[in-house]
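The values are calculated or read from the model by the stated rules, or taken from the named source; none is laboratory data. These numbers come from a predicted model, not from an experiment. Ideal geometry is used to build each Cβ from the backbone, glycine not excepted, and the neighbour counts take in all protein chains shown.
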Amino acid sequence: MLSEARAHDIRLGGSPLNFSGRSLQALTAAALLLPGVVTPLHAAEPGTLNVQVSRYEEGRRDLFDVDSRLAPLRADSLHLSGAMLLRNGIRANVALSQDTWSGATPVAVAPLAANGNRPILRNSSRGLVFAGASPIVNGRIALTEDFTPAGDARAVQVMSSASPELRRQADVGFEFPVDSPHARTLTASAGISDEPDYRSRYGRLGARIGLNDNLTTLSANTAFTRSDTHARLDADLQPYVTRNAYAEQLERGSPSDLLRGERRDRGVEIGVTQVLDAVSVLDAGIALNRASGFMENPYKVVTVVFAGNAATPASGDVRAFLEQRPDERRQLTFRAHYARHFAASDATLQLDYVHSRDDWGIATHSVELGWAQTLGAWTVTPRLRYYTQGAADFHVPWLLSRQNFRSISIDENGEPQVTPYSAALLPAHFSSDHRLASFGSASAGLTLQRRFAVGLVVEGGVEYYTRADGLHAGGGENGTYADFDFAMANIALTLDLGAAARRARREATDGHGAHAGHASHGKHPVPAGLMFTHAGQARGSFMTGYRASHQRQYGALLHGTQSASDDDVATAACNATAPCRMAPARMTMTMHMLDLMYAVNDTTTLMLMPQYMTMDMRLRRLAGAPMPQPGAHDHDGRSHTAGGLGDTLVAGLFTLHASATHGWQASLGVSVPTGSISREYRRTFQADGGLVHYDMQGGSGTWDLVPSLTWQATRGSWHSGVQVGGIRRLQSRNASGYRLGDQLQLSAWTLRTLNRYASLSLRAQWQRRGAIDGAFDAYNAAIGPMDFPDNHGGDFIDVGFGLNLALGGSGLALEWFAPVDEDVNGFQLERHGALAVTWHYSY
Amino acid sequence: MRSMSRCTYRVLLAAATLGLGACTHVEPWQRGTLARPDMASEPAPLQQQVRRHVYGSREAGGITGGGSGGGCGCY
């Protein structure tokens, strides 16, 4: 028997537990697994599913006297992952991530006198518009006797904008229990990260062992990463960049060269987790990482001012060199994490310290303090972090070289001889990347977690970060030119599949198995592509879901209902003064949506649905189209991608009438314009980028009304329904000067339940989408039909074939949507079907 | 490779020794608090993943063992 005093030592979630029976057994079992300190308690459950979206956004850089209108850098990320307990205690983890980023990023640092960041203006039908900024600093500047620029000598970052770029990552990992009483575990994982100019593949092996009655856990990991760079150099910048050091890695190409590099990382890490007492634990580790190969950033250049070899310089020849970093880097990292729980306040102190040091001369320290306060089912964790680092030995804002970049002399035959600069007179390594400079940063963040009894955790986090030279421990060294700040926010959802399985078993035991099979869709299953049908949830219940759709367009260009020739498109799809040169050859759009629903009462359900969109478009040159004019945007045969958070839907769903055989539901939603409508291509290939095509923008940009009315009926194993819905734009223009068309949609479906697990569905849908009203009020290249408002919208008829599955308390539905008839406005690319997938779980 | 100061190592070693020496035995039934999610090495792994990715693309420190993705951080 346990003593009463010991009983009070057992707390979970801050509340004393009555430990008789199964709760004590479960708790003790969890505690005995106590690398549970390393692997959280919930990891012992059969499995988890995670969905997370996040945004990172920088503030504007201080360019001193330049009013840059380049949009600051922004990155949107989506993360999906799952863990599953397999046979023999083997645990598998799978994760998929992607992020899209675009915006302004520094490519160099130069004296202000070099006049970087010059705005590029362009004539348009709306007058002179901003089309970009020149990152070119080449030229001559006056120098004083002490070799400093005669004008404003302050360093300034030279910015360049980046087109939207997509990175995808996939990871898979396994944990193998070798000897569970002693918590010996082997781990293995591998993954790949892929983006247009960079790919890394990595693997990791590890082992954990519990000692000292599992109060001490030792761990060891080894990892290997291979990374390949294949970067297309900036075509605008390339003619001005000296890249002799990479002659063997450059592949000549048009319109610019390709720089290839390979990098390998090998790392080992050992760690120890020690339980100090019943309320505190220490986790520490030390890691050694060795990187070799190409470690440069292929888009960063260093400004070199060639001052000549005279004692008194007249002027400096400003040049740009690709940065040169050492080919080896060894870094040692020490980390420590201390956690202590305070029962009186039901809170946990979390303290982290990380120190690293490498042979580039960089030493870093970071300290982080968190306070996880439990408030009922909520956990609120404010955090503060301070970070400081020293500079790499080879970091310079810009270089001065006492030689000529190029000297011309007359040889003995009277012929001019050109003598280039001597690389030996330049440092072997140099970089002005601000991440290798000395600086400090301070950040403050807040994490909110809400735990639900059924094993669902919803969490969100925000953080503000400021980086400043003056925050460097020991004082600032470089001035404020590289200071900047950013904010990041995310929301995540974690579902414990064990809880779902237990719920399904309980419902089966209680005789509600049939209902459990349809829990994902309220009273009856519906085809995957339908929304606003989940009425009839019990008061106070939640429903969580994930919804994805993938649409494809390729093939012929349609004009109305007929295929159009390239000549027709070139002459009629754009405008008389600027015929179309390009047309879309293929376009895909993928949407990920999170469904969060709460039944206020038996007839009213509130819904919140954030979404993440990814679009990819490949263009082709129209046969017989005119060649591009100098300075005009053009990207024949190249695919471009955009992605990020889309608009967010907030809606109410109301049951108007419900009986055993039929029911009426209505919904009224508002679409909040959280998606970007100002995505731009960078100015590249000597051509202006401008705003990305309408279909590649992230949202409508307007507040929209989204109503629907649904009728559903049941007869035996047949479920049928009709839904009418639409989108009404509530504003006449968005911030980019246009408004998407309104939409009206009518769906009719029937669904046959085969057994308690599976149903098949058939659906027909008619949809009318209006054309775009207004037009971009900023520069857009207008190269093809997708850039003209009249070539959007139309009437569409589709047929959907679906399969619905009941999976232990949750429901999975798939629907393939095939186009039957389309009558498009203007000229548009033919559609080739869409796949919709939904997964819902109510609790 | 530039050697880390011996003093730093000694301080860390002393702290680790003191820390382990200060341990008390905790019976299995006393470990409920230790199993709380906020006592884990990574109390909020999803949050930490986002933050680590951002820090890694903005700072030069703290590679712990490698073997993870994250892209080139070229921006």
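A few remarks follow.
- Unmet requirement for residue A:207, which otherwise passes all of (1) over 27 Å from residue A:98 (Cα atoms); (2) not in a strand (DSSP E or B): (2)
- Elements of type strands (runs of 3 or more DSSP E) in the range A:377-433, at least 1 residues being within 24 Å of residue A:482 (Cα to Cα) and more than 12 Å from chain B (Cβ to nearest Cβ): A:378-389, A:399-401
Okay, residues lined up against (1) part of a loop (DSSP other than H, G, I, E, B); (2) within 7 Å of chain A (Cβ to nearest Cβ); (3) at pLDDT 90 or above:
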{"position": "B:38", "(1), (2), (3)": "no, yes, yes"}
{"position": "B:42", "(1), (2), (3)": "yes, no, no"}
{"position": "B:53", "(1), (2), (3)": "no, no, no"}
{"position": "B:57", "(1), (2), (3)": "no, no, no"}
{"position": "B:61", "(1), (2), (3)": "yes, yes, no"}
{"position": "B:71", "(1), (2), (3)": "yes, yes, no"}
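- All strands (runs of 3 or more DSSP E) inside the range A:108-159 with 2 or more residues being at pLDDT below 85, surrounded by fewer than 23 Cβ atoms within 10 Å (Cβ to Cβ) and of a type in the set (A, V, I, L, M): A:118-124, A:127-134
- Condition met for residue A:214 (more than 22 Å from residue A:165 (Cα to Cα), within 14 Å of chain B (Cβ to nearest Cβ) and outside any strand (DSSP E or B)): yes
- Of everything listed in (1) out of contact with any His (no Cβ under 6 Å at 6 or more places or on another chain); (2) surrounded by fewer than 19 Cβ atoms within 10 Å (Cβ to Cβ); (3) aromatic (Phe, Trp, Tyr), the single unmet condition for residue A:681 is (2).
- Matching residues in the range A:740-763 - criterion: being crowded, with 21+ Cβ neighbours inside 10 Å and either out of contact with any Gly (no Cβ under 9 Å at 6 or more places or on another chain) or closer than 27 Å to residue A:822 by Cα (or both): A:740, A:747, A:749, A:751, A:761, A:763
- Count - residues of the range A:729-749 that are closer than 30 Å to residue A:801 by Cβ and part of a strand (DSSP E or B): 7
- Enumeration of residues in the range A:377-392 that are under 24 Å from residue A:474 (Cβ atoms), of a type outside the set (Val, Ile, Thr) and surrounded by 15 or more Cβ atoms within 10 Å (Cβ to Cβ): A:385, A:386, A:387, A:389, A:390, A:391, A:392
- Which listed residue is basic (Lys, Arg), at pLDDT 90 or above and either surrounded by fewer than 21 Cβ atoms within 10 Å (Cβ to Cβ) or in contact with a Cys (Cβ under 8 Å, 6 or more places away or on another chain) (or both), from A:208, A:199: A:199
- In the range A:832-843, the residue that is modelled with the lowest pLDDT out of those that are in contact with a Leu (Cβ under 9 Å, 6 or more places away or on another chain) and either β-branched (Val, Ile, Thr) or buried (at least 18 other Cβ atoms within 10 Å of the Cβ) (or both) is A:843.
- Subset of the range A:183-193 (residues that are at pLDDT below 90 and within 14 Å of chain B (Cβ to nearest Cβ)): A:183
- Residues of the range A:760-793 that are among the aromatic types (Phe, Trp, Tyr) and under 20 Å from residue A:527 (Cα atoms): A:766 alone.
- Any hit, the range A:620-633, residues being touching a Leu at 6+ places or on another chain (Cβ under 6 Å) and at pLDDT 85 or above: no
- Qualifying residue in the range B:4-18 (condition: facing chain A (nearest Cβ under 7 Å), surrounded by 22 or more Cβ atoms within 10 Å (Cβ to Cβ) and either more than 30 Å from residue A:487 (Cβ to Cβ) or at pLDDT below 90 (or both)): no
- Residue satisfying all of: in the range A:262-285; surrounded by fewer than 19 Cβ atoms within 10 Å (Cβ to Cβ) and farther than 13 Å from residue A:224 by Cβ; farthest from the other protein chains (Cβ to nearest Cβ) among these: A:262
- Among the residues of the range A:221-245, those identified as modelled with pLDDT of 85 or more and assigned to a helix (DSSP H, G or I) are A:244, A:245.
- Residues (modelled with pLDDT of 80 or more and among the hydroxyl-bearing types (Ser, Thr, Tyr)) located in the range A:510-558: A:533, A:544, A:546, A:549, A:554
- Cβ-Cβ distances below 6 Å connect the following pairs, each with a first residue in the range B:47-58 that is surrounded by fewer than 18 Cβ atoms within 10 Å (Cβ to Cβ), a second residue that is outside any helix (DSSP H, G or I), and a separation of six or more residues or different chains: B:48/B:42; B:56/B:70; B:57/B:73.
- Scanning the range A:357-403 for residues that are modelled with pLDDT under 95, of a type in the set (Lys, Arg) and under 30 Å from residue A:450 (Cα atoms) yields no hits at all.
- Residue within the range A:246-268 that is at pLDDT 90 or above, among the aliphatic types (A, V, I, L, M) and assigned to a loop (DSSP other than H, G, I, E, B) present: no
- Counted residues, the range A:286-316 - those being out of contact with any Lys or Arg (no Cβ under 6 Å at 6 or more places or on another chain), surrounded by fewer than 21 Cβ atoms within 10 Å (Cβ to Cβ) and modelled with pLDDT of 90 or more: 2
- Count of the range A:69-107 residues which are of a type outside the set (Gly, Ala, Ser) and not in a strand (DSSP E or B): 7
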